[in-house]
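As structure tokens, the structure follows; a few thoughts come after it.
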């Protein structure tokens with residue numbers, strides 16, 4: 001006689017349960033006539049159907065390029081594509097950017113920037129480690145932190161974004177509690193943050209880095225800059241990234257910069273680009289290799 005066994009999910013699946021984003025996206029798709037402000041849907045009218053059709057025709061219009069796009073790519077993305085994306089990031093930073101000097105192997109193409117948020121978190125955090133976040137912050141990343149067993153500690157935010165003084169005070173308190181060694185990352189949505197829509201002021205960008213350097217004593221604290229909404233800009237000067245101010249030693253030594261084309265171009269293509277500190281390239285690449293050994297190659301060529 002067969003015995004009925006109750007399935008019990010593993011700890012990773014258990015930690016990932018009850019994530020709201022999947023439900024919100026499903027509701028948005030099933031209720032297409034409703035304008036959902038919850039799941040970050042792009043207005044369908046603005047989706048560049050004609051432009052993407054032209055791009056697909058260009059990619060597949062020649063046998064050699066078409067075959068290359070339809071074949072497997074490398075885990076980090078083809079080098080010539082990473083160099084193309086590097087030029088795009090350099091253009092966003094402006095004429096004084098040091099982005100053009102970054103080695104191509106420090107860039108990685110992912111399935112949207114969300115995949116990089118997950119990969120970086122898996123690479124850096126152990127259960128019980130701490131991530132400092134703005135109060136409030138992007139709720140989907142809080143789910144990522146839950147998934148790796150990390151604790152999110154809030155930092156006061158005002159109309160100019162995360163407060164450097166509040167960050168310093170929070171790190172000082174954690175140091176007094178003996179928990180500074182568990183602090184691994186400060187997570188900042190630097191452009192039009194979700195959910196507040198706040199733009200981190202230009203003055204605060206280098207100030208946050210200075211605080212992080214100050215408290216990186218026996219171990220490095222990283223700043224994870226989520227620039228997903230960077231290109232959703234209407235008027236006024238486009239501010240440089242926090243990454244661009246991280247010039248001590250190797251460019252971007254403390255900062256992980258991640259961006260996506262989901263909001264500015266098309267979420268269905270699921271293409272993100274990130275710049276990693278040198279020491280994170282291998283562990284993040286190894287983790288991505290276990291997941292998919294390379295994101296959608298055709299989508300990368302189209303973008």
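Mind listing whichever residues of the range 122-153 are in contact with a helix residue (DSSP H, G or I) (Cβ under 8 Å, 6 or more places away or on another chain) and part of a strand (DSSP E or B)? If the condition is that a residue be in contact with a helix residue (DSSP H, G or I) (Cβ under 8 Å, 6 or more places away or on another chain) and part of a strand (DSSP E or B), then 130, 131, 132, 133, 151, 152, 153 are the ones that fit. Restricting 77, 40, 22 to those that are part of a helix (DSSP H, G or I), closer than 30 Å to residue 149 by Cβ and under 24 Å from the mean Cα position of the chain (by Cα) reduces the list to 22.
Looking only at residues that are assigned to a loop (DSSP other than H, G, I, E, B) and touching a helix residue (DSSP H, G or I) at 6+ places or on another chain (Cβ under 6 Å) in the range 221-239, which one is farthest from residue 273 (Cα to Cα)?
If we take residues in the range 221-239 being assigned to a loop (DSSP other than H, G, I, E, B) and touching a helix residue (DSSP H, G or I) at 6+ places or on another chain (Cβ under 6 Å), then 221 is farthest from residue 273 (Cα to Cα).
Restricting 211, 189 to residues that are buried (at least 19 other Cβ atoms within 10 Å of the Cβ) and either at positive phi or touching a strand residue (DSSP E or B) at 6+ places or on another chain (Cβ under 8 Å) (or both) narrows the list to 189. Scanning the range 214-241 for residues that are surrounded by fewer than 20 Cβ atoms within 10 Å (Cβ to Cβ), under 23 Å from residue 261 (Cα atoms) and either touching a residue at least 60 places away in the same chain (Cβ under 8 Å) or over 20 Å from the mean Cα position of the chain (by Cα) (or both) turns up 231, 234, 235, 236, 237, 238, 240.
Looking at the range 168-182, is at least one residue in contact with a strand residue (DSSP E or B) (Cβ under 9 Å, 6 or more places away or on another chain) and not in a helix (DSSP H, G or I)? Looking through the range 168-182, at least one residue is in contact with a strand residue (DSSP E or B) (Cβ under 9 Å, 6 or more places away or on another chain) and not in a helix (DSSP H, G or I).
Against the criterion of being surrounded by fewer than 23 Cβ atoms within 10 Å (Cβ to Cβ), touching a residue at least 12 places away in the same chain (Cβ under 8 Å) and within 21 Å of residue 90 (Cβ to Cβ), residue 206 qualifies.
What do you reckon, is residue 51 at pLDDT 90 or above, under 19 Å from the mean Cα position of the chain (by Cα) and assigned to a helix (DSSP H, G or I)? The answer is no for residue 51. Residues that are within 12 Å of residue 211 (Cβ to Cβ), more than 19 Å from the chain's Cα centre (by Cα) and buried (at least 18 other Cβ atoms within 10 Å of the Cβ) within the range 156-182 comprise 163, 164, 166, 167, 168, 170, 171, listed in sequence order. With respect to the conditions (1) within 26 Å of residue 106 (Cβ to Cβ); (2) part of a loop (DSSP other than H, G, I, E, B); (3) at pLDDT 95 or above, residue 185 falls short on a single one, namely (2). The set of residues in the range 1-19 that are in a loop (DSSP other than H, G, I, E, B), surrounded by 10 or more Cβ atoms within 10 Å (Cβ to Cβ) and without any contact (Cβ under 8 Å) to a residue 12 or more places away in the chain comprises 9, 17, 18.
Condition test on residue 257, is it surrounded by 23 or more Cβ atoms within 10 Å (Cβ to Cβ), part of a helix (DSSP H, G or I), touching a helix residue (DSSP H, G or I) at 6+ places or on another chain (Cβ under 7 Å) and at pLDDT 95 or above? In short, no.
Residue-by-condition table, conditions (1) more than 25 Å from residue 244 (Cβ to Cβ); (2) surrounded by fewer than 15 Cβ atoms within 10 Å (Cβ to Cβ); (3) in contact with a helix residue (DSSP H, G or I) (Cβ under 6 Å, 6 or more places away or on another chain):
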residue: 61; (1), (2), (3): yes, yes, no
residue: 67; (1), (2), (3): yes, yes, no
residue: 87; (1), (2), (3): no, yes, no
residue: 90; (1), (2), (3): no, no, yes
residue: 94; (1), (2), (3): no, yes, no
residue: 103; (1), (2), (3): no, yes, no
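Being assigned to a loop (DSSP other than H, G, I, E, B), at negative phi and free of Cβ contacts under 8 Å to residues at least 40 places away in the same chain holds for only one residue in 72, 96, and it is 96. The listed residues are 244, 274, and the only one of them that is in contact with a helix residue (DSSP H, G or I) (Cβ under 9 Å, 6 or more places away or on another chain), crowded, with 22+ Cβ neighbours inside 10 Å and outside any helix (DSSP H, G or I) turns out to be 274.
The values are calculated or read from the model by the stated rules, or taken from the named source; none is laboratory data. Note that this is a predicted model, so its numbers are computed, not measured. So basically every Cβ, Gly included, is an ideal-geometry build from the backbone, and we count neighbours across all protein chains shown.
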